[in-house]
Structures are given as C-alpha cells and as structure tokens.
C-alpha cells in the first residue's frame, strides 16, 4: 500500500501548493482521498484521469472536493474512454460541485455511493470503515485495510474518540492539524491542533502520524514540535509529493 500526497493545505492553496488530496495505491488499484483545490494537475503528473479507479470524499467543503469537477471533465472530454467513476461521500456532500456544469454533461462519468458512517464495505482491494467525525458539515473519516496493513484519514475533524477508534494500531494516520496548538474558540469543536492529533495518535497506538491541513503560512516545524509533545512515533508533515510506503 502506498500513499502519495497531492496537496495538504487547509482552506486555500498557498503559492505553489494544493489543498487536501491523497492518492492511495494497492495491487494496481488507485483510490483518491479528497480532491481539493489544485490537486488534479498534480494527479495528472502521475497518472491519466481515466486510470483513477475510485474516489472517496470526506466532506463537501471545496478545499476537499473542488477538483472533482476537473477530474470528471478530463474523463468526459479527454478523448479516452473510461467507465463511470465510483465516488463515495456523505449523502449530499457533492451536490454543489456536481452542479457546476450544465445539466447532464457529466452524468455518464460517475456513480455516487452515499457513505453510511459506521458501515463496513469493500472499496477495490480495501476493507473500508468510516466514522462520522465532528465538523461544520457531515465529515466521514475512513480506515482502509489490505493485506495486513491499515491506514486512517480523518478529513477535517474536531477532537473525538471516534478518531482514536478509527486509527487503532494503524500503520499510518493522516490527521487534520489546522493549528499547531491553540484552536480558536469558534472552531474548537470542529477542527484540531497538531497537539491533539499527536495525543489521539498516541492513544490509538498508530505507528506513523502524518499531519495535514495546516493553515497556510504555518511553520511546519512548530506543528511537528507541538505534536511531538504528545506523540513519540514516526512523525511528519504532509507536503505535495510526499510518499509513504506501508510495507
């Protein structure tokens, strides 16, 4: 199992970067987790659009799903045939981004599957499990297991025991850490800090913690230091083109 970071900025892409997007590959299957602003050009440097096998979107905020539109356009208009793309997301999360084009234009390019948090389902070679995690709108964190390796991704999420459950003994946890330490009062229930991500990764006994969704302009070293105060495992900050092999 391999994870490649397409982008990891929170809210908007800072210069030369992209928002949340991850490519997970296993046994020739290519799964995209989120497709925020500016992720598709980075994806297309790696593989053609028609080689994406499935997409999972954690929630409907545009820094996590806006580039679903250019991905579908590339599949529909790129001149190469491809089967409808399976897309998994919380019910209604993609209504806005799927309505960007004229009615019917992209209908044959995708099939949406509503995610029921807590349900187990097969996603290509992966056994997938989701949890509803606290955010301003329904946000589904996901756990993927294949060939004895486990990976978890939070999307955007305030502190929750469900994050610990989702990440229990995973080889890799990719966790939202918008702020290094103090989360403003208005966001405390809906976003996390690097310190909180570290604490939850430690409680879950995760082997490797990858911090993502840092607020643009945040010093990665400050985020790493905050997480390291509560977590003693392998620790990194997600940046474009960062790759982890779970082998």
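The values are calculated or read from the model by the stated rules, or taken from the named source; none is laboratory data. Predicted, not measured: the structure shown is a model, and the values here were computed from it. Positions of Cβ are generated from backbone atoms using ideal geometry, with glycine treated the same way; all protein chains shown enter the neighbour counts.
Quick notes on this one:
- Among residues of the stretch 48-87, those that are within 26 Å of residue 121 (Cα to Cα) and either in a strand (DSSP E or B) or more than 17 Å from the chain's Cα centre (by Cα) (or both), counted: 14
- Residues in the stretch 192-234 that are part of a loop (DSSP other than H, G, I, E, B) and free of Cβ contacts under 8 Å to residues at least 60 places away in the same chain: 192, 205, 206, 207, 218, 219, 229, 230, 231, 232, 233.
- Some residue of the stretch 80-101 being modelled with pLDDT of 95 or more, on the phi > 0 side of the Ramachandran plot and either surrounded by 14 or more Cβ atoms within 10 Å (Cβ to Cβ) or touching a strand residue (DSSP E or B) at 6+ places or on another chain (Cβ under 6 Å) (or both): no
- Within the stretch 114-133, the residues that satisfy the criterion of being under 21 Å from residue 1 (Cα atoms) and either at pLDDT 95 or above or not in a strand (DSSP E or B) (or both) are 121, 122, 123, 124, 125, 126, 127, 128, 129, 130.
- Output for the stretch 19-47, where each listed residue is without any contact (Cβ under 8 Å) to a residue 24 or more places away in the chain and either in a helix (DSSP H, G or I) or under 16 Å from residue 97 (Cα atoms) (or both): 41
- Considered as a group, the residues in the stretch 1-18 that are part of a loop (DSSP other than H, G, I, E, B) and under 13 Å from the mean Cα position of the chain (by Cα) include one that is surrounded by the most Cβ atoms within 10 Å (Cβ to Cβ), and that residue is 8.
- Residue 111 being farther than 23 Å from residue 3 by Cα, part of a strand (DSSP E or B), in contact (Cβ under 8 Å) with a residue 12 or more places away in the chain and in contact with a strand residue (DSSP E or B) (Cβ under 8 Å, 6 or more places away or on another chain): yes
- Subset of the stretch 56-78 [closer than 20 Å to residue 108 by Cα, in contact with a helix residue (DSSP H, G or I) (Cβ under 8 Å, 6 or more places away or on another chain) and in contact (Cβ under 8 Å) with a residue 40 or more places away in the chain]: 66, 67
- Within the stretch 21-51, tally of residues that are touching a helix residue (DSSP H, G or I) at 6+ places or on another chain (Cβ under 8 Å), closer than 24 Å to residue 247 by Cα and buried (at least 24 other Cβ atoms within 10 Å of the Cβ): 4
- Residue selected from the stretch 160-186 under the condition free of Cβ contacts under 8 Å to residues at least 12 places away in the same chain and either assigned to a helix (DSSP H, G or I) or on the phi > 0 side of the Ramachandran plot (or both), by the criterion nearest to the chain's Cα centre (by Cα): 161
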